[in-house]
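A short worksheet on the structure shown next.
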Amino acid sequence: MIKPILSIIVFCFIVRSVNSQTSDKGVGLDVLTYTVNLDVDIENKSIQGDVVIAFELEPKITKVIFNSGSLKITNVFGATVTNYEARDQKLIITLAKRTTSAGQVQIFYNGKPSNGLVFPAPGQAHTVYFTSEWMICNDTPSDKAKCALNLTVPAAKTCVASGTFVNKKMTADKVLYSWNQDYETPPYTYGFAIGTFNTFEEKHGAVVLQHYSDNYTPRELETIFQKTGDMIDFFEQRSGIRYVQNSYSQILIGNHYQEMSGFAVLRDSYGKMVLQDSTETSLISHELAHQWWGNSITCASWNHFWLNEGFATFMSAAYNEHRFGKQKYTADIDSYFKVYKTIKDSGKDKSLVFTDWSRATKDDRNLVYFKGAYALHLLRIELGEQHFWEGIKRYSQKYFGKSVDTFEFQKTMEETSGRSLQVFFEKWVYLKRTQH
């Protein structure tokens with residue numbers, strides 16, 4: 001029987017689909033910054049706003065394509081914009097001939113998102129997974145950019161968002177919150193949560209830890225998230241990289257789980273599980289691990305998604321070993337293996353490097369998380385403690401802030417250990433010989 005915490009992991013990662021996040025990076029396109037101005041109408045479950053996108057694009061290219069989900073485009077401005085067309089969840093902008101690679105457009109839009117922005121309870125809203133359903137963007141994971149979010153919300157509501165809090169301005173019936181992220185991450189890490197929350201705040205070194213919920217008291221929040229600081233220390237030590245922001249927020253809300261830049265949303269009912277068993281913190285550590293493996297060290301395309309999710313799943317087990325002992329780690333790994341073995345025994349095992357993630361099945365998603373984590377566990381055994389963790393640190397430092405594919409991970413681990421890992425990767429990662 002799968003442990004309760006793993007059952008939740010299976011559920012929340014099955015319902016997470018990235019079908020709207022399968023585009024390849026536009027040819028020659030590199031988004032530099034997004035500046036989003038968004039008015040969130042919680043009562044009507046609608047949004048209205050605009051986004052200014054600064055980008056670089058080869059001058060010879062006269063069309064730039066962004067993902068627009070189900071949003072309605074009302075206007076597009078820009079010095080070189082000659083026309084635009086919205087179709088098939090994409091915004092296609094035609095540009096005049098340019099003499100420079102620099103470009104900028106301002107896009108106005110509105111909508112009632114059916115994905116990407118959820119309203120779990122009266123007076124609450126939060127983003128989840130599908131960024132292009134609430135802001136126009138290039139949602140391929142390799143196109144990282146800086147992002148500023150200016151969010152207008154109903155009065156008396158608290159807003160938590162990606163980046164560093166800048167300020168808030170009050171009006172008669174609304175509040176404008178401004179957040180700024182001055183380092184690059186992929187668009188799926190942008191997001192926000194809005195509601196009326198109980199809060200508990202503490203400091204861990206230079207990092208402010210903020211915990212939010214409307215169903216738990218501040219004292220309960222303190223108990224639920226009490227190990228967060230220790231998790232940060234552990235991931236810093238294993239990666240060799242300090243946590244990049246000055247704050248980290250966690251919100252118990254609704255029915256979803258997702259890492260975002262500088263904060264995470266977790267299913268509201270999860271808090272009860274942690275209060276009942278203080279060792280059931282795997283989802284807290286999983287989402288926090290993404291601040292390194294996923295948000296900053298990002299799969300080059302969704303076909304290499306296991307480098308995000310397999311890593312975070314494995315790192316949550318590694319943290320459990322650090323905090324609770326070897327037996328807890330072994331139980332986690334055994335649970336991951338059982339999920340993988342069920343898939344393998346049914347004849348549905350696959351390479352962890354997908355040829356087309358846009359058609360991912362329930363079993364495919366479980367492979368990415370649980371076979372991915374199990375493969376890292378076996379690599380740890382293969383290399384031994386010293387070479388494995390040295391390799392993880394070298395890999396993390398080399399690709400922090402960058403995009404990476406599976407072969408680059410393999411190569412880094414080979415360079416660190418001084419041995420070929422082709423046979424291992426053929427068996428556990430590729431399932432067959434791959435040519436590079």
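Each reported figure results from applying straightforward, stated rules to the coordinates on display, with no laboratory input. Remember, it's a predicted structure, so these values are computed and weren't measured experimentally. When we count neighbours, we look across all protein chains shown, and the Cβ atoms used for this are built from the backbone with ideal geometry, even at glycine.
When the charge dipole of the range 298-430 is built from unit charges on Cβ atoms (+1 for Lys and Arg, -1 for Asp and Glu) and taken about the Cα centre, the candidate among His387, Gly372, Gln410 whose Cα reaches farthest toward its positive end is Gly372. The calculated 222 nm mean residue ellipticity attributable to helices in the chain amounts to -9500 deg cm²/dmol, summing -39500 (n - 2.57) over DSSP H runs of n ≥ 4 and dividing by all residues. Its convex hull of Cα atoms gives the range 251-327 a direction-averaged projected area, equal to a quarter of the hull surface, of 5.5 nm².
Just rank Ser162, Ser178, fewest to most, by other beta-carbon atoms within 10 angstrom. Provide the component values of the computation, followed by the final result.
Working: Ser162 24, Ser178 18.
Taking fewest neighbouring Cβ atoms as first place, the list is Ser178, Ser162.
Net charge near Asn198, counting Lys/Arg +1 and Asp/Glu -1 over other residues with Cβ under 13 Å of its Cβ? So the surrounding residues net to -4. Residue-wise HN-Hα couplings along the range 89-97, as the Karplus relation 6.51 cos²θ - 1.76 cosθ + 1.60 with θ = phi - 60° gives them from phi, are 6, 9, 10, 10, 10, 8, 10, 6, 4 Hz; Gly and Pro carry x.
Hey, can you list the DSSP H helices of the chain whose Cα span along the axis is 15 Å or longer and whose average Kyte-Doolittle score is at least -0.5?
4-15, 306-324, 372-383
Highest mean packing first, where packing is the average number of other Cβ atoms within 10 Å per residue, the peptides 33-45, 253-265 line up as 253-265, 33-45. Summing charges over all other residues whose Cβ lies under 13 Å from the Cβ of Asn110, with Lys and Arg as +1 and Asp and Glu as -1, gives -1. For the range 198-289, the pair-distance distribution built from all alpha carbon pairs, in bins 10 Å wide starting at 0, is 17, 56, 25, 2 percent.
Summing Cβ point charges (Lys, Arg +1; Asp, Glu -1) relative to the Cα centre of the chain gives a dipole of roughly 640 debye. The structure shown yields percent of Cα pairs over 40 Å apart, and of the options [x] 14; [y] 41; [z] 17 that calculated value carries the label [z].
Where nothing but the Cβ of Lys and Arg (+1) and of Asp and Glu (-1) is charged, how large is the charge dipole of the range 298-430 around its Cα centre, in debye to the nearest 20?
Numbers: 20 positive and 17 negative charges, 45 e Å.
The calculated dipole for the range 298-430 is roughly 220 debye.
Here the Debye sum runs over all C-alpha atoms of the range 70-132 as equal scatterers in vacuum, and log10 of I(q)/I(0) at q = 0.15, 0.27 Å⁻¹ comes out as -0.60, -1.16. Across the alpha-carbon atoms of the range 298-430, the computed radius of gyration and Dmax are 14.2, 38 angstrom. Applying a threshold of 20 Å to the alpha-carbon distances of Lys344/Lys393; Lys45/Lys174; Lys272/Lys338; Lys350/Lys371 flags Lys344/Lys393; Lys272/Lys338 as lying beyond it. Positive end of the dipole of the chain (Cβ unit charges, origin at the Cα centre): among Ser68, Thr99, Pro218, the Cα lying farthest that way belongs to Thr99.
Nearest 0.05, what FRET efficiency do Gln237 and Leu275 give at R0 = 25 Å with Cβ-Cβ as r? The value I calculate is 0.35.
The Rg/Rh ratio of the range 195-349, with both radii computed over alpha carbons and Rh defined as the Kirkwood radius, is 0.98. The GNM of the chain, with springs linking C-alpha atoms under 10 angstrom apart, assigns the highest mean-square fluctuation among Thr131, Thr100, Thr185 to Thr100.
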